[in-house]
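Engineer: Handing you this structure, nothing more for now.
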Amino acid sequence: MTETATAGAELHALIRQLDASCRAQRTALPHDAPPPDSWAAVLFRVRDLKFLTPLEQIAEVLEVPVEITRVPGTQPWFLGVANNRGTLLPISDLAVLTQGGQPGERRAPPGRRRARDRVLVVRQVESPCGLVVSETLGMRHVRHDDEVETLPEGLGLSARYIDTAYRVDDEAVAVLRLERLLADPLFNAALG
């Protein structure tokens, strides 16, 4: 056999090994069907607090746009508008809105975002709205039986938008009702 043929045979054997390994691990992947008596949620973090929100309220998750056009005379938590595939997307900093402080505080210098920052695009009838969060931690199927009686501490202003919490990964995580947040006159008073 030539060197080229030997290298090709070795490569083919390696590919077969990788394929067999992937197929063996495939059984460990989560099932497509959600567990019975559960609901689908997005788990995310705002500064040091974790939150859940129903999956049906989120249209998509984006990286923070590089270009956000600031709108003069608006509240500090309203970052501005960005072009999202031809649609103007108003973007607000959820940490500043619900926990106070200045945009980018405890995150990154002004004008720069941390790599984990994401924009949750909230599904609305009229037009979408983007909320910057510190990190998205994935989608979860939350069992109704995992509801806890006590809300986590330190929720700040976000407590206005929370009425329940669930145990996720051995900790109580509050459910942030985005429809309630978006209907709040405080949120709608973006113009200073």
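Every read-out reported here was derived from the displayed coordinates using simple, explicitly stated rules and does not represent laboratory data. For clarity, every value in this text was computed on a predicted model and none was experimentally measured. Quick reminder, even Gly has a Cβ in these numbers, built from the backbone with ideal geometry, and neighbours come from all protein chains shown.
Engineer: In nm, to one decimal, how far is the residue 9 label point from the residue 85 one, both placed 7 Å along Cα→Cβ?
Structural biologist: Modelled inter-label distance: 4.9 nm.
Engineer: Further question on the same structure: What residues qualify as long-range amide H neighbours of residue 123, i.e. H under 5 Å apart, gap of 5 or more or another chain, H built at 1.01 Å from N?
Structural biologist: Long-range HN contacts for residue 123: 58, 59.
Engineer: Could you check the spin-label model distance between residue 17 and residue 2? Points 7 Å from the Cα along Cα→Cβ, value in nm.
Structural biologist: Distance between label points: 2.5 nm.
Engineer: Sticking with the crude label model, points 7 Å out along Cα→Cβ, report the distance from residue 48 to residue 135 in nm, one decimal please.
Structural biologist: Those two pseudo-labels are separated by 1.4 nm.
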